[in-house]
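Worksheet for the structure shown next.
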Amino acid sequence: MDRPVQAKLPYQGQASPKRYIVPVGMSHYEFRAMGTTISLILPNAYLHVGAEAVRQLFAQWEYTLSRFLPESELSQLNQHAGTPVKVSDLLFRVLQAALAAAEETEGLFDPTLLTQLVQIGYDRTFDEVPTVAPASKQAPLPGGAWRDIQLNYRKKSVTLPPGVGVEVGGIAKGMAVDAALTQMRLLGIQAALVNAGGDLAVLGLPVGYENWPLAIPGREESWVMPLRTGAIATSGVARRHWQQGEVTRHHLIDPRSGDSAQSGLWSVTVSANSCQQAEVAAKVAFLLGVEQGRAFLEQHGLAGLLVKQDGTWTSTASWPVDLMIGRKEQ
């Protein structure tokens, strides 16, 4: 077997790998979209057509679904809360998926936390969020408004409750990765990797390879793990955190409190059949904390690695601990 692919996930320590190692006959390509770096590994023969197709796909998803673009369809929907709004197939499909995830997780996944995110200072793209911000004068409010969203399947319209805004960044990113791989298949590509800031999925295998070895993040160390098929997603607080007054904030809001989750976890990495599923499961497990989060993943038959704030970790029974190749962060 040739030297294995080193496909990075975002590391949770101070250092991160600066490049990908790609197999012979394939190339690495990356661009910015949806507030993160999109990285691709594609066969040389399909590099141009594959990269262009994925760029266009992510551009469409961002233009439709970004809460940071005032002209986006999602922003327009949020501005007309309380009245029915006809939406595109894409936005309707993402909202369907988000509401289904909310239902399946009994509201732990909640797409109606836009007000809460703004209250804790995440009111602009993360690159623009100040490291230190003034204290909030508002007490956090619990979530749950997703239950009152009305979808009209015949008219393809959506009615948000008055005063409620939707934020679908996480699940949309996972769904976009899945959609990108579907696009690859339609182009005849047999092996590819798509990584959207830690939401990662693979298609097939490079010639001569038995798996895609991936860098899995920890707080003080990382691990190389083999992925043969499916997807991996990581939810954590390594990068997206800031100080608001005397309080440390991060973007993973617990809908039960309306505040940044205090679960004792640093990150959760989940492997699933789709990136959409892995993304939702990783976030929910993070909110639940070590014991309940692991139980949640076990209940749904998902493999997961849960890294605690002190750098120690635990995993589900199906996580292949014996295959973890560890190394310390520098």
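The values are calculated or read from the model by the stated rules, or taken from the named source; none is laboratory data. Note that this is a predicted model, so its numbers are computed, not measured. FYI the Cβ positions are ideal-geometry reconstructions off the backbone, even for glycines, and counts take in every protein chain you see. The accessibility values were calculated without ligands, DNA or RNA, using every heavy atom of the protein model including side chains. Shrake-Rupley method; radii C 1.70, N 1.55, O 1.52, S 1.80 Å.
Could you grab me the full set of residues in segment 266-318 that are of a type in the set (Val, Ile, Thr) and open to solvent by 10 Å² or more (accessible area, probe 1.4 Å)?
Passing the criteria: VAL280, VAL290, THR312, THR314.
List, please: which pairs have Cβ atoms under 6 Å, are six or more places apart or on different chains, and start with a residue in segment 168-184 that is modelled with pLDDT under 95 and end with one that is part of a helix (DSSP H, G or I) and open to solvent by less than 20 Å² (accessible area, probe 1.4 Å)?
From residues that are modelled with pLDDT under 95, the pairs are GLY170/GLU279.
Among the residues of segment 161-171, write down those that are surrounded by 16 or more Cβ atoms within 10 Å (Cβ to Cβ) and either touching an Asp or Glu at 6+ places or on another chain (Cβ under 9 Å) or assigned to a loop (DSSP other than H, G, I, E, B) (or both).
Scanning segment 161-171 gives VAL164, GLY165, VAL166, GLU167, VAL168, GLY170, ILE171.
Condition first: assigned to a loop (DSSP other than H, G, I, E, B), touching a strand residue (DSSP E or B) at 6+ places or on another chain (Cβ under 6 Å), touching a residue at least 60 places away in the same chain (Cβ under 8 Å) and within 24 Å of ALA261 (Cα to Cα). Now tell me which residues in segment 282-330 satisfy that.
GLN309, the sole residue that qualifies.
Under the condition of being among the charged types (D, E, K, R) and touching a Leu at 6+ places or on another chain (Cβ under 9 Å), which residue from segment 56-78 is surrounded by the most Cβ atoms within 10 Å (Cβ to Cβ)?
So, considering only residues that are among the charged types (D, E, K, R) and touching a Leu at 6+ places or on another chain (Cβ under 9 Å), the one surrounded by the most Cβ atoms within 10 Å (Cβ to Cβ) is ARG67.
Restricting to segment 20-34, name every residue that is outside any strand (DSSP E or B) and surrounded by fewer than 17 Cβ atoms within 10 Å (Cβ to Cβ).
Of everything in segment 20-34, those that are outside any strand (DSSP E or B) and surrounded by fewer than 17 Cβ atoms within 10 Å (Cβ to Cβ) turn out to be VAL24, GLY25.
Looking at segment 150-160 only, could you name the residues that are open to solvent by less than 20 Å² (accessible area, probe 1.4 Å) and either in a loop (DSSP other than H, G, I, E, B) or of a type in the set (Ser, Thr, Tyr) (or both)?
Answer for segment 150-160, where residues must be open to solvent by less than 20 Å² (accessible area, probe 1.4 Å) and either in a loop (DSSP other than H, G, I, E, B) or of a type in the set (Ser, Thr, Tyr) (or both): SER157, LEU160.
Within segment 97-116, which residues are surrounded by fewer than 21 Cβ atoms within 10 Å (Cβ to Cβ), free of Cβ contacts under 8 Å to residues at least 60 places away in the same chain and under 16 Å from the mean Cα position of the chain (by Cα)?
none
For THR115, state whether it is out of contact with any Asp or Glu (no Cβ under 6 Å at 6 or more places or on another chain), at pLDDT 95 or above and farther than 22 Å from LEU181 by Cβ.
no
Go through GLY245, GLY258 for me and flag whichever is buried (at least 18 other Cβ atoms within 10 Å of the Cβ) and on the phi > 0 side of the Ramachandran plot.
GLY258
Please go through segment 138-149 and give me each residue that is open to solvent by 100 Å² or more (accessible area, probe 1.4 Å) and at pLDDT 95 or above, ordered by number.
Passing the criteria: only ARG147.
Tally the residues that are in contact (Cβ under 8 Å) with a residue 60 or more places away in the chain and assigned to a helix (DSSP H, G or I), restricting the search to segment 35-78.
12
What's the total number of residues in segment 79-96 that are open to solvent by less than 20 Å² (accessible area, probe 1.4 Å) and either part of a helix (DSSP H, G or I) or farther than 26 Å from LEU186 by Cβ (or both)?
Adding up the residues that qualify gives 5.
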